[in-house]
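J.: Here it is, the structure in full.
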Amino acid sequence: MTMNRPSSRFPVRVLSMSLAATLQMFAVGQPRFDARTPPAGPDARQWPGAAIGGHRLAPFFRASAHRRVDILGIGDSNHVYFGHGWEEGWNTALSVRSGVYGTGLHTFGEGSGNGSGIGHRCGVFSTINSGVFEYGDSGTAFDRFMNGTVRPTGNSNYIYLPPGAEASSFNVTGLFLSSNSPIRASGDVRFQYVIGRFEDSIARMRPIIRVNEFPYSLLVQSEPISMAGPNDLAVLELSIDDAPAADIGFQLALPGGPDYEAPLLALYVSADDPQRVYGYAYNVLYYGGGSSLRTMAGRLNALDPAQLELFMSLTADGQRDEAGPLTLVRINSGLNDLRSIEPSFVAGIVPGSSPEAYEDNLRAIIAELSARWRAAGLADESLYFLITPSHPIGGSDARLLARYGDIAEQVALSLPRAACVRLDRLTDPSEMVERGWYRAADDRYHLTQPGYIELSQRELEALERWCPGDWTGDDAFDSADIVQFLGDWERGEADADQDGSTDSEDVVYFLQLWDSSGC
Ligand SMILES: [Ca+2]
Ligand SMILES: [Ca+2]
């Protein structure tokens, strides 16, 4: 089945089934998990002061038990380190909470055709060896939606075949999905992909789904799809019911079938379980080795605004919730900030490694993403932020890294719907050494796979354990809690008794607990 569906902001045509009809078809599931009672981790205990402002994110995590929500991740090399990193850690931690409904967005030409390891038990096919595709700077109307080969976001590239190009169907393009992906539970899989359509084009594409291992059985073959349109974007889908329990792949052409027709421009691909109406999808918004907050702020601001707005619109639409999206941005940085030499992004603060510069760059990123969210027609109230400075490494940098943590706390508490997690209060260098979480004795900048997974579990657990009496989350019951509570209460973000609304009962509840230094 192939269908187009509308996007509120971008020129996408509806060819058949509407989104509302799709929602009606699939809105059958009931929550099977309670987001408020996660399983205890192997080291379940209190981590004093590890989650600051956790109550601000409670509505987001609670909602995941009955509706779809998305996470947009931003980080350095640790984000997708050798195919795992925080992306895998978070997917693993989310899988045992409300579950994972989708793969997140992937770009067809990721890493200029080389791939870069994005994807939890899924990923795009590398196309670099084909030598036939272009990955940026096509000179078409679509360049504004995805950066050129200079790769400002570290990995986002489309694939492009100019008019007249010849490309054999044996060059595989698309997304593979492992049999053990968390989105394979129901057996049904829906692939969604975004292409650019060209005026006066007579080119067609013939996407397929097949088993991604010998003998590569063909499972679904789309009717030929016209790629003609008024230089617009089309969001298309190809689904399979009861897919076999094997690795499968969505591909833009059947190897051995008709060759690709040109012009062809394909931007994003993702997959979800159409039966799963709640849970999480983790999207890698930014992943760049060696990146500091300064690098990230500079690159995100250098993008054509249309790129972030499209990314945000697509992830928001993927939630398929008529009430609108709920999205959390997680920002992880610090290690590369220690050596940052550029003046900070907005105020030009030097040295670039100072806590003041860290704050300036952090606020610049949050401001840019908030502006793009708004420009995409999405409500401020639906966007949350989590700031998680880098993991502790000990040594002579420990002090400055901890100062970044203090800054991150202050920034989070100064903003609505924002929280901070201190990884340096969830573990310490000696535990990390003991448990083999550092990648190597001489590399504390990166972690092993268990390190990312265990710390992601703790990160989420710390956020879930917020204590209404200690409103700031610093493990002290003092006047700062009162000031912070009243500020949040005025903004309607102080649901202390967790009944879903902020009202006078929350004031009474908070004060009682605060007075008794209790939770
Ligand atoms: Ca406190
Ligand atoms: Ca309440």
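Derivation of every value follows stated rules applied to the coordinates shown; laboratory data play no part. What you see is a predicted model, and the numbers here were worked out from it, not measured in a lab. Neighbour counts are summed over all protein chains in view; Cβ atoms, including those assigned to glycine, are modelled from backbone coordinates with ideal geometry.
J.: Would you tally the net charge around V350, using a Cβ to Cβ cut-off of less than 10 Å, leaving V350 out, and scoring K and R as +1, D and E as -1?
T.: Value of the local net charge: -2.
J.: Output needed: Cys residues of the chain lacking any neighbouring Cys C-beta below 4.7 Å, sorted by number.
T.: C122, C420
J.: Taking the Cα centre of the chain as origin and charging only Cβ (+1 Lys, Arg; -1 Asp, Glu), how large is the dipole, in debye to the nearest 20?
T.: So the dipole magnitude of the chain works out to roughly 1060 debye.
J.: Can you find, among H446, P207, S353, the residue sitting farthest towards the positive end of the charge dipole of the chain, where Lys and Arg contribute +1 and Asp and Glu -1 at Cβ?
T.: Working it through, the farthest residue towards the positive pole turns out to be P207.
J.: Given segment 212-267, report the % of alpha carbon pairs whose separation exceeds 18 Å.
T.: The proportion of pairs with Cα distances above 18 Å equals 44 percent.
J.: Run the quick spin-label model on E356 and E490: label points 7 Å from Cα toward the beta carbon, then report their separation in nm to one decimal.
T.: About 2.8 nm separates the two model spin labels.
J.: Fully extended, how many nm does the chain gain between D497 and A379 (0.36 nm per residue separation, minus their Cα-Cα distance)?
T.: Value of the extension gain: 40.0 nm.
J.: For segment 177-322, compute Rg over Rh where Rg is the Cα radius of gyration and Rh is the Kirkwood radius from the inverse mean 1/r over Cα pairs.
T.: With Rg and the Kirkwood Rh in hand, the quotient comes to 1.00.
J.: Quick check: net charge around V411, other residues with Cβ under 12 Å of its Cβ, Lys/Arg +1 and Asp/Glu -1?
T.: So the environment of V411 carries a net charge of -4.
J.: Given Cα pairs under 8 Å that are at least 6 residues apart, what percent is the relative contact order of the chain?
T.: 21 percent
J.: Further question on the same structure: Ordered by residue, what ³J(HN,Hα) values in Hz, to whole numbers, does segment 270-280 give under the Karplus form 6.51 cos²θ - 1.76 cosθ + 1.60, where θ = phi - 60° and Gly and Pro are x?
T.: 8, 9, 9, 8, x, 7, 9, 9, 9, x, 10
J.: Tell me what the chain gives for mean residue ellipticity at 222 nm when only DSSP H runs of n ≥ 4 count, each as -39,500 (n - 2.57), the sum divided by the residue total, rounded to 500 deg cm²/dmol.
T.: Result for the chain: -8500 deg cm²/dmol, rounded to the nearest 500.
J.: May I pose another question? Please identify the GluC sites (Glu not before Pro) of segment 204-288 that satisfy two criteria: DSSP loop assignment and at most 15 other Cβ atoms within 10 Å. Which are they?
T.: Within segment 204-288, the qualifying GluC sites (Glu not before Pro) (loop, at most 15 other Cβ atoms within 10 Å) are E213.
J.: Another question about this same structure. Based only on other Cβ atoms within 10 Å, what is the fewest-to-most ordering of D443, D497?
T.: D443, D497
J.: Oh, and also: Work out the FRET efficiency for R435 and A323 from their Cβ-Cβ distance, taking R0 = 41 Å, and round it to the nearest 0.05.
T.: 0.45
J.: May I ask you to work out the translational diffusion coefficient for the chain at 37 °C, viscosity 0.692 mPa s, via Stokes-Einstein with Rh from the Kirkwood sum over Cα pairs, reported in whole µm²/s?
T.: 139 µm²/s
J.: May I pose another question? For segment 105-277, what relative contact order do you get, as a whole percent, if you take Cα pairs closer than 8 Å and at least 6 residues apart?
T.: That works out to 31 percent.
J.: Still on this structure: Report, to the nearest 10°, how far helix 355-375 tilts away from the longest principal axis of the Cα atoms in the chain, using its own Cα long axis and a range of 0 to 90°.
T.: Between helix and principal axis, roughly 50 degrees.
J.: Counting Lys and Arg as +1 and Asp and Glu as -1, each charge on the Cβ, what is the dipole of segment 105-277 about the Cα centre in debye, to the nearest 20?
T.: The calculation lands at about 320 debye.
J.: Also, quick follow-up: Enter the Cα centre distance for the pair segment 213-243 and segment 442-513, rounded to the nearest angstrom.
T.: That distance is 44 Å.
J.: Excluding V329 itself, what net charge comes from residues whose Cβ is under 12 Å from its Cβ, given Lys and Arg +1 and Asp and Glu -1?
T.: Counting the neighbours of V329, the net charge comes to +1.
J.: How large is the convex hull of the C-alpha atoms of segment 105-277 per residue, in Å³?
T.: Here the figure is 113 Å³ per residue.
J.: Can you sort C122, C467 so the residue with the fewest Cβ neighbours within 10 Å comes first?
T.: Fewest to most other Cβ atoms nearby, the residues stand as C467, C122.
J.: Can you work out the FRET efficiency for the pair L511 and A371, with r the C-beta to C-beta distance and R0 = 30 Å, to the nearest 0.05?
T.: E between L511 and A371, to the nearest 0.05, is 0.20.
J.: Counting only DSSP beta bridges with both residues in segment 105-277, tell me the antiparallel percent, nearest 5.
T.: Antiparallel bridges: around 95 percent, rounded to the nearest 5.
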